[in-house]
Amino acid sequence: MIAVIVFIVILGTLVFVHEAGHFFVARRNGIACEEFGIGFPPRIAGFFKDKKGKRRWVFGNKKIEEAIKEKDETVYSLNLIPIGGFVRIKGEDGEDKNARDSFASQSIFVRFKVLFAGVAMNFIVGALFFGFAFYLGLPEAIGDEDVAPNAKVQISVVAKDSPASKAKLQVGDTIVSTLENGKEKDVSKVSNIRTATEEKGGQNIELKILHPGEDDPVVVSVFVRKKENTPEGQGAIGIELLRTSFAKYGFFQSMWMGVETTGRIVVAIFQFLGDLIVRLFTPKPMVADVAGPVGIAVMTGQVAKMGLAFTLQFVVMLSVNLAVINLLPLPALDGGRILFLIIEKIKGKPVSEKFEGIVHTAGFIFLMSLMILVTIKDFKTFEIIQKIKDLF
């Protein structure tokens, strides 16, 4: 339940910030915004100012009559579905071209600014949150020979269907020690654990594990695969390890590091997307899984246990991913609408409203269908149906 709440708050914040970017830039450029809502309809309540400057309230989905409302006055509303928000911009679908306060009547540059503002806000929020994460303190990777008073070995990757996965090991776990005949062995270095597992090929190894957010370590028994039976790049039990040390930075240094790190993440995402496209047209296997809302919610719950700094770091990843995906030239996304602006600039005249509308509608249907398929996959991957059954 906590994971669901944290997920709603994080996703809601990112979507709200994105829409707020569109809203503020549109208003700054004299474009009327008919409604700016927190959450998605149906509407619970909203308010606006009438022609006399008096605040008027509206409840439910009751239509706001133009007779008592200035056309350029925004309705601020609270809506039932608590995920993000939305902004209804006058003329965003090409109507009211002759109205000065319509999006459709603006220059290409102004329309570009409004469309790009949502993406820009997600980049800015990502950099700020990452900066605060560095300020609060995050573990950073160090070498086996580096001297650090708070050094520890943590799991950074758990391979799917590996012995570690079956033993319920997870990313962020700290390996406190290995046990041999009830006696603990030192594992203050990654090499210590590698040596210990290599000696146990074909047998089980006992690891003392401290899970994120817990105070007491537990002993976990994990099967160690023999070298000849180990998939390439997975290791004997299917984990990757990092020796880490907790580090904090000054405020201004943290903010600059947040900007730098966000930039590197953007580059990495585009590299990943490029590799993904290449793999679609080559015999190379697809190496990455795609998580939908359910998968992200599960990961949110895991990250939340690791503390505020890790949660902020996770928010950054989602925010930057949201920004990059929205920037892609796909129908129904901001990038798709920007692509039509570029075409308009090249042609010297707008693309047919009817054609653009059909393209965006088809794109929206495709994206929703893809989201449904990914969600179904998440239900299977994370055994959601079985977990629901277990509640009864």
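Report, to one decimal in Å, the Kirkwood hydrodynamic radius for region 161-208 based on all distinct Cα pairs. It would help to have the intermediate numbers written out before the result.
Numbers: mean 1/r = 0.0871 Å⁻¹.
Taking every pair of different Cα atoms in region 161-208, averaging 1/r and inverting gives 11.5 Å.
Sort the following peptides by mean Cβ neighbour count (other Cβ atoms within 10 Å, averaged over residues), highest first: 153-162, 237-246. Mind showing how you got there, number by number?
Numbers: 153-162: 16.8, 237-246: 19.6.
Ranked by mean Cβ neighbours within 10 Å, highest first: 237-246, 153-162.
Is region 48-170 best put as rounded, prolate or oblate by its Cα gyration tensor, with a ≥ b ≥ c the root eigenvalues, rounded for a/c under 1.5, and otherwise prolate when a/b is larger than b/c, oblate when not? Walk me through the numbers on the way to the answer.
Details: a/c = 3.02, a/b = 2.54, b/c = 1.19.
Prolate is the answer for region 48-170, as a/c is 1.5 or above and a/b outweighs b/c.
Can you give me the long-range amide H partners of residue 173? Hydrogens built in the peptide plane at 1.01 Å from N, cutoff under 5 Å, separation of 5 or more residues or another chain.
Residues meeting the amide H criterion: 155.
Set the bar at 31 Å for Cα to Cα. Now go through 49/349; 168/227; 90/347; 113/354; 52/345; 49/347 and name every pair that lies beyond it.
Numbers: 49/349 37 Å; 168/227 22 Å; 90/347 25 Å; 113/354 23 Å; 52/345 41 Å; 49/347 41 Å.
Going by Cα-Cα distance, 49/349; 52/345; 49/347 fall outside the 31 Å limit.
In nm, give the distance between the simple-model label positions of residue 203 and residue 248, each being 7 Å from the Cα along the Cα-to-Cβ direction.
4.4
Shape verdict for region 13-115, please, from the Cα gyration tensor: rounded (a/c under 1.5), prolate (a/b greater than b/c) or oblate.
On the way: a/c = 2.11, a/b = 1.21, b/c = 1.75.
Judged from the Cα gyration tensor, region 13-115 comes out oblate (a/c at least 1.5, b/c at or above a/b).
Work out how much length residue 8 to residue 370 would gain on full extension: take 0.36 nm times their residue separation and subtract the Cα-Cα distance, in nm to one decimal.
Details: separation 362, 0.36 × 362 = 130.32 nm, distance 2.07 nm.
Stretched fully, the residue 8-residue 370 segment lengthens by 128.2 nm.
Applying 1/(1 + (r/R0)^6) with R0 = 30 Å to the Cβ-Cβ distance of residue 186 and residue 272, what FRET efficiency is obtained, to the nearest 0.05?
On the way: r = 37 Å, r/R0 = 1.24.
The computed FRET efficiency comes out at 0.20.
Run the dipole for region 112-217 about the Cα centre, Lys and Arg Cβ at +1, Asp and Glu Cβ at -1, nothing else charged, and hand back the magnitude in debye, nearest 20. Let's see the in-between values first.
On the way: 11 positive and 15 negative charges, 94 e Å.
The calculation lands at about 460 debye.
Pairs 166/208; 152/208; 54/97; 152/200: which exceed 18 Å Cα-Cα? Intermediate values should be presented prior to the final figure.
Details: 166/208 16 Å; 152/208 13 Å; 54/97 29 Å; 152/200 22 Å.
As for pairs spanning more than 18 Å Cα to Cα, those are 54/97; 152/200.
Each value in this text was obtained by applying a stated rule to the coordinates, not by laboratory testing. Quantities reported herein were computed from a predicted structural model and do not represent experimental measurements. For neighbour counting, all protein chains shown are included, and Cβ atoms are generated from backbone atoms with ideal geometry for every residue, glycine included.
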